[in-house]
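Reviewing the structure listed below.
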Amino acid sequence: MPSTGEDRGGPAGLAVRRLEPAEWETLRDLRLQALADTPAAFASTLERELGFDEATWRSRFETSVQLVALDDGVPVGMVSVFRAPEGEPHLVAMWVAPAARRRGAGALLVRAAASEAAALGAGGLRLYVADHNLGAEALYRREGFEPTGASQALPGRPELGEHEMRLALPVPGTGAERV
Ligand SMILES: CC(C)(COP(=O)(O)OP(=O)(O)OC[C@H]1O[C@@H](n2cnc3c(N)ncnc32)[C@H](O)[C@@H]1OP(=O)(O)O)[C@@H](O)C(=O)NCCC(=O)NCCS
């Protein structure tokens, strides 16, 4: 199981680690940047989350593992692994700052999320991606996600569709994948 605070290194200068609840302001700052930068990628809105108080940001650590991508120690991206009350965990809130894109931070975040999901004992990691978000879909496919066939309107944005993808995680000790 990944240890808290452990850096998972990647391309030069890039690393991913868990955020702790005491770092809720880092989570808030990244999330608000994400909502301002790419509103059509997310179900929530900047207006809504600008109103969150400290307790609300801290509560996000109770329901999800929060991961941050660092470029020479500076936060440049995030992803959350939501522990669904039933079923498999979900990768949500994926975002990399525009200036840091196409250098591997997104792939590092996806791999760290998969590692966290495996550590939870899950057989798979699921996500929803907007139908128009071809860049994110390409990233997820490259990392091994496949469409499940499920689709829906993006919550809060009925004009946009999104579809589900799933990554099968290895069964511990066998090298095989659960299906
Ligand atoms: C999607 C996103 C997280 C990718 O982050 P990133 O750090 O640029 O991703 P990586 O550098 O690890 O990309 C890995 C691979 O994914 C694919 N990929 C990533 N972005 C892509 C794009 N815009 N177009 C096509 N392929 C893309 C490529 O295969 C890429 O490899 P390459 O650069 O060698 O061609 C980033 O563009 C982002 O934050 N977008 C806005 C928010 C968003 O859409 N979030 C997803 C919500 S589901």
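Every read-out reported here was derived from the displayed coordinates using simple, explicitly stated rules and does not represent laboratory data. None of the values given here were measured: they were computed from a predicted structure.
With contributions of -39500 (n - 2.57) from each DSSP H run of at least four residues, the per-residue ellipticity at 222 nm computed over the chain stands at -9000 deg cm²/dmol.
Is the stretch 8-168 rounded, prolate or oblate when judged by the Cα gyration tensor, a ≥ b ≥ c being the square roots of its eigenvalues, rounded requiring a/c under 1.5 and prolate requiring a/b larger than b/c? Rounded is the answer for the stretch 8-168, as its axis ratio a/c remains below 1.5.
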